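Everything on this sheet refers to the single structure shown next.
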Amino acid sequence: MTAEATTPSGTTPTRRGHRRVKLRQLGRAAVFGSDRHSLPDAIEHLAKAHRGHHPGADVGLLRRAYQIAEEAHRGQTRKSGEPYITHPLAVTLILAELGAETTTLTASLLHDTVEDTEVTLEQVRADFGDEVGHLVDGVTKLEKVEYGAAAESETFRKMLVATGSDVRVMSIKLADRLHNMRTLGVMRPEKQARIARVTRDVLIPLAERLGVHTVKTELEDLVFAVLHPEEHREARELVLAHHGRPDPLTEAASLVRGVLREAGIAAEVQIRPRHLFSVHRARLKRGELGAWDYGRLLILVGENADCYAVLGELHTCLTPVVSEFKDFVAAPKFNLYQSLHTAFATPAGDVAEVLVRTHAMHRVAENGVIALGDPHRSAEAEAGPEEPERAGDPTRPGWLSRLLKWQEQATDSDTFWTELREELARDREITVFAGAPEDGPLQLPVGATCVDAAYARHGAAAHSCMGARVNGRLANLRTVLRDGDTVQLLLAGDGGSGPSPEWLEHATTPAARVAIRSWLKTGGARPESERGEEARPPAPEPEPPAHDGAPAGEEEAALVPGAPRAQVRLARCCTPVPPDAACGFAVRGGAVTVHRQECPTAVEMVDGGRAALAVRWRSASGGCRVTLQAEALGRPELLADLTEALALHGAAVVHAEVEPPRQQRVRHTYTLRLPDASGLPRLMRAMRRVPGVYDVSRAVRLHP
């Protein structure tokens with residue numbers, strides 16, 4: 001958690017520059033302090049921010065927590081040379097400005113003491129209680145000495161399990177990552193990129209799911225600056241150029257104020273500018289941006305009914321763009337976001353986008369779970385003992401419940417990490433009703449099928465599912481469910497024959513995929529003693545349409561003489577195939593992961609002291625999975641020509657990704673299943689012959 005300040009990437013450099021000056025002042029105060037019997041100078045600003053949201057807050061607990069943290073971290077410095085105490089102070093200030101309550105701020109001040117000082121978790125619990133102890137423990141990293149390369153993914157697993165009982169754990173982690181991203185400049189470029197990728201793939205989706213929009217948008221801008229500096233520079237120049245011209249939204253805001261004033265509706269109308277990454281996304285979607293595309297109008301009112309009154313006036317007095325209307329007030333998003341979205345057109349044909357929400361909705365839309373305070377007391381205050389939980393409540397979200405279930409079966413770190421990023425890539429949920437009313441609804445990701453519903457409702461018993469009725473009609477298990485569907489799952493009374501490998505092609509949730517793969521590897525095949533000498537091993541399971549899953553035949557393709565009984569997995573970062581020079585590394589659960597010898601992840605593990613195991617291929621042929629990158633000059637029909645070349649050579653596309661063009665060049669990345677690894681060179685030559693393609697190579701991605 002050591003980092004240093006760098007040039008911020010947002011649209012308000014003056015405010016962030018002021019923040020850095022303030023933190024330097026806090027750092028000096030943290031070292032030189034003041035009278036220990038009064039509120040320390042270093043947290044006066046923190047206490048002021050906290051009381052701004054909680055006027056009656058007792059800051060005595062914060063004083064004690066600060067004094068213990070300052071003493072414990074005394075003598076420690078960040079890579080910038082600043083006292084280390086400035087980091088927990090900055091993290092806590094972020095949370096205070098977002099409205100976190102006192103317990104969260106206390107734990108935030110102490111969040112690095114157990115990890116980096118002599119303070120023990122038992123001492124924290126004894127001094128501040130089990131609640132603070134649970135929060136501190138939840139964000140404390142696991143030791144690399146004990147967990148090796150798996151330490152980061154296992155730390156996230158531990159943190160998510162702790163979040164399952166108290167979402168404030170994740171609030172502290174998000175604020176911690178935000179401050180570290182703000183102060184990333186002294187890190188080596190490759191480490192900056194690694195941290196930024198994990199932030200993009202895991203922390204930003206978590207901030208979105210917990211509704212902490214303020215943190216999410218700043219993290220997006222900071223990651224954007226690290227991973228795409230050229231595009232970030234272009235977006236920043238566009239924003240600066242826009243700020244140098246009159247903003248047409250200023251006149252539009254005045255027009256809206258007049259319409260609402262005449263209607264007698266009390267409302268506050270603001271211009272809400274897009275942040276840099278949002279400008280970049282809008283540019284990719286719309287092409288050249290106009291003067292109206294750099295922001296939206298935000299209308300804040302007092303009551304829910306006022307939202308619809310505002311909507312009626314806008315649609316009556318102005319020219320509405322009907323296709324832009326969305327009602328997230330009556331149907332909140334899964335992270336509790338509520339707003340009315342609409343737009344109106346000017347006589348000149350320009351379009352102004354509009355958000356309408358109450359002040360209370362705005363607070364939750366910006367700060368998410370942090371604005372909800374203590375999740376346990378909030379639940380008691382909002383719902384009586386007989387009232388069911390709210391399906392969309394981010395303090396008890398359905399996606400987290402699903403994650404906690406399937407992670408128990410994902411015993412090795414690679415599977416957990418891959419499945420976690422796949423789960424977090426889904427940004428919407430649906431609600432379906434399966435089973436008796438007392439069972440309650442199921443929250444599933446968009447695109448979920450009857451297979452996913454079966455495992456979400458019945459767990460391992462879903463192995464015997466034979467089919468389903470969706471809204472009263474018979475349906476097969478691959479049927480994609482829609483929001484509000486009623487599902488009757490049909491289970492075989494005698495246990496059934498179990499899932500077939502094809503089920504994996506229809507399973508989108510980690511819970512279903514992990515359970516099916518587990519059954520196919522254990523319960524899906526009889527012991528060898530029952531098969532007879534001529535029996536063959538079970539057919540390899542097909543790949544799901546994603547980045548993860550065991551490739552077909554990999555228990556068969558590679559041998560590890562040093563661990564003859566270990567389960568063999570082929571690494572996703574470098575996708576080794578025969579006859580690549582390869583090596584293996586033991587992972588948790590007794591398995592061995594095989595990498596290409598030149599894979600950066602393998603090199604890093606060897607440099608870090610991990611023992612590499614010899615690997616040999618059973619044969620130069622056999623089915624395999626591989627990831628290829630095609631570099632080409634952008635042109636129409638390029639995608640169609642490349643996929644035709646793949647099909648002609650028997651390659652099944654598991655996943656495809658096309659990056660945005662840069663200087664007339666484009667990169668296509670394909671993850672493929674090949675029936676025979678020996679055909680890989682021939683396939684790559686065929687791809688190079690496609691007009692416009694100037695290079696095709698094996699892809700290697702760094703492990704996050």
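The values are calculated or read from the model by the stated rules, or taken from the named source; none is laboratory data. Note that the structure is predicted; figures quoted are calculated from it, not measured. Please note: Cβ atoms are built from the backbone with ideal geometry, for glycine as well, and neighbour counts cover all protein chains shown.
Just a few scattered comments:
- Subset of region 673-702 (residues that are assigned to a strand (DSSP E or B), buried (at least 16 other Cβ atoms within 10 Å of the Cβ) and out of contact with any Cys (no Cβ under 9 Å at 6 or more places or on another chain)): VAL693, VAL696
- As a summary of the residue check, ASP35 satisfies the conditions (1) closer than 30 Å to LEU372 by Cβ; (2) among the acidic types (Asp, Glu); (3) at pLDDT below 85 except for the one numbered (1).
- Scan of region 667-685 for residues that are among the hydroxyl-bearing types (Ser, Thr, Tyr), farther than 15 Å from ALA647 by Cα and under 34 Å from the mean Cα position of the chain (by Cα), ordered by number: THR669
- Residues located in region 38-76, provided they are modelled with pLDDT of 90 or more and among the charged types (D, E, K, R): LYS48, ARG51, ARG63, ARG64, GLU70, GLU71, ARG74
- Among the candidates TYR308, TYR337, residue that is aromatic (Phe, Trp, Tyr), closer than 13 Å to ALA267 by Cβ and in the same structural domain as SER254 (by TED's automatic domain parsing): TYR308
- Among the residues of region 266-310, the ones that are over 25 Å from the mean Cα position of the chain (by Cα), among the β-branched types (Val, Ile, Thr) and within 30 Å of PRO660 (Cα to Cα) come to 1 in all.
- Hey, LEU249 touching a strand residue (DSSP E or B) at 6+ places or on another chain (Cβ under 8 Å), touching a residue at least 60 places away in the same chain (Cβ under 8 Å) and in a helix (DSSP H, G or I) or not: yes
- Residue in region 469-479 that is modelled with pLDDT of 80 or more, in contact with a Leu (Cβ under 8 Å, 6 or more places away or on another chain) and surrounded by fewer than 18 Cβ atoms within 10 Å (Cβ to Cβ) present: yes
- Close contacts from region 662-687, counting a first residue that is outside the structural domain of GLN629 (by TED's automatic domain parsing) and farther than 30 Å from GLU234 by Cβ and a second that is surrounded by 16 or more Cβ atoms within 10 Å (Cβ to Cβ) and aromatic (Phe, Trp, Tyr), with Cβ to Cβ under 6 Å and a gap of 6+ residues or different chains, come to none at all.
- All strands (runs of 3 or more DSSP E) inside region 285-361 with 1 or more residues being under 17 Å from ASP247 (Cα atoms) and touching a residue at least 40 places away in the same chain (Cβ under 8 Å): 295-301, 351-358
- Pairs, first assigned by TED's automatic domain parsing to the domain that holds GLU208 and outside any helix (DSSP H, G or I) in region 178-192, second surrounded by fewer than 19 Cβ atoms within 10 Å (Cβ to Cβ) and of a type outside the set (Ser, Thr, Tyr), C-beta under 7 Å, six or more apart: THR183/GLU4; GLY185/GLU4; VAL186/GLU4; VAL186/LYS79
- Residues that are surrounded by fewer than 24 Cβ atoms within 10 Å (Cβ to Cβ) and farther than 22 Å from THR183 by Cβ occur in region 85-99; there is at least one.
- Residue within region 10-17 that is modelled with pLDDT under 90, buried (at least 18 other Cβ atoms within 10 Å of the Cβ) and not in a helix (DSSP H, G or I) present: yes
- For region 437-465, the set of residues classified as part of a strand (DSSP E or B) and in contact with a Ser or Thr (Cβ under 9 Å, 6 or more places away or on another chain) consists of LEU442, GLN443, LEU444, PRO445, THR449, listed by residue number.
- Residues in region 606-629 that are in contact with a strand residue (DSSP E or B) (Cβ under 6 Å, 6 or more places away or on another chain) and over 22 Å from PRO578 (Cβ atoms): ARG610 alone.
- Tabulated pairs, region 65-80, first over 20 Å from VAL124 (Cβ atoms), second surrounded by fewer than 19 Cβ atoms within 10 Å (Cβ to Cβ) and of a type in the set (A, V, I, L, M), C-beta under 9 angstrom, 6+ apart or interchain: ARG78/MET1; ARG78/VAL186; LYS79/VAL186; SER80/VAL186
- Helices (runs of 4 or more DSSP H) enclosed by region 117-165 - at least 1 residues per element that are of a type in the set (Gly, Ala, Ser) and more than 22 Å from ARG402 (Cβ to Cβ): 121-128, 130-138, 151-165
- Being over 30 Å from GLN192 (Cα atoms) and not acidic (Asp, Glu) holds for only one residue in LEU648, LEU633, LEU628, and it is LEU648.
- Subset of region 587-609 (residues that are in contact with a helix residue (DSSP H, G or I) (Cβ under 7 Å, 6 or more places away or on another chain) and assigned to a loop (DSSP other than H, G, I, E, B)): VAL587
- Criterion violated by PHE224 - all others in (1) crowded, with 17+ Cβ neighbours inside 10 Å; (2) closer than 20 Å to THR103 by Cβ; (3) of a type outside the set (Val, Ile, Thr) satisfied: (2)
- Candidates are the residues of region 652-672 that are polar (S, T, N, Q) and part of a loop (DSSP other than H, G, I, E, B); the one that is farthest from GLU637 (Cα to Cα) is GLN663.
- Once region 116-134 is narrowed to residues that are within 30 Å of the chain's Cα centre (by Cα) and more than 21 Å from ALA42 (Cβ to Cβ), the residue that is surrounded by the most Cβ atoms within 10 Å (Cβ to Cβ) is GLY133.
- Contacts under 6 angstrom Cβ, first residue in region 582-611 being closer than 16 Å to ALA557 by Cα and without any contact (Cβ under 8 Å) to a residue 60 or more places away in the chain, partner of a type in the set (Lys, Arg) and not in a loop (DSSP other than H, G, I, E, B), 6 or more apart: ALA582/ARG596
- Cβ-Cβ contacts under 9 Å between residues 6 or more apart (or on different chains), taken from a first residue in region 417-428 that is crowded, with 21+ Cβ neighbours inside 10 Å to a second residue that is modelled with pLDDT under 80 and of a type in the set (S, T, N, Q), are listed as GLU419/GLN407; LEU420/GLN407.
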